[in-house]
Amino acid sequence: MTKKSQAVTEKNEAIKNLREWLPRDTTIYTVLRHRAASGMTRFVDLYYIKDNRPLRITWQAAKAIGWTYDTKREALRVGGCGMDMGFHTVYTLASILFQGENHRDPVTGENAGYSLRHEWL
C-alpha cells in the first residue's frame, strides 16, 4: 500500500468513525494547548462528552480534516490568525463530516458547517 492510498484510507476511516460518534448538534469542546510566538499558529485539542465523560477526538479530527497532528504538543496544528480558531476547526470538521447531505435550515439557510456546536474549555 502506498503512502497516499494509506492516507486516504485513514481519512475515510476517521470520517466514518466521527460520523458515528458525533450526531448533529453535538458540542465539540476545544482546548488551546499552545500558541506560537508569532500568533500565526495555534495547537488545539478537541473533545466531546459521552455518558458524562470527555472523549478526545483530536487525532481522528486531524485525519478527517487533513491537518497536521503535532506529536510534541499532542494537539491539532491550526494555522492562521484573526478569527476564532476553535470555531474554525469545528466548522471545518462539520463541513467535512456532513458534506453531501442537503442540510439547510429552512429558516436560516445555514450550511453543513453549523451541524456541530463549539465551546472553549
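The values are calculated or read from the model by the stated rules, or taken from the named source; none is laboratory data. Just so you know, these numbers come straight off a predicted model, no measurement behind them. Heads up, the Cβs are rebuilt from the backbone with ideal geometry, glycines too, and the neighbour counts pull from every protein chain shown. Ligands, DNA and RNA are stripped out before the accessible areas are found, and what is left, the full protein with its side chains, is counted by its heavy atoms. Shrake-Rupley method; radii C 1.70, N 1.55, O 1.52, S 1.80 Å.
Computed quantities for the displayed model
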item	result
Residue ranges of helices (runs of 4 or more DSSP H) in the stretch 1-112 with at least 2 members open to solvent by 80 Å² or more (accessible area, probe 1.4 Å)	3-21
Test: residue in the stretch 30-46 that is under 20 Å from Ala14 (Cβ atoms) and free of Cβ contacts under 8 Å to residues at least 24 places away in the same chain	no
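Let's see how each residue does on (1) on the phi > 0 side of the Ramachandran plot; (2) in contact with a His (Cβ under 9 Å, 6 or more places away or on another chain); (3) not aromatic (Phe, Trp, Tyr):
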{"site": "Asn12", "(1), (2), (3)": "no, no, yes"}
{"site": "Asp25", "(1), (2), (3)": "yes, no, yes"}
{"site": "Ala36", "(1), (2), (3)": "no, no, yes"}
{"site": "Arg42", "(1), (2), (3)": "no, yes, yes"}
{"site": "Ile57", "(1), (2), (3)": "no, no, yes"}
{"site": "Thr68", "(1), (2), (3)": "no, no, yes"}
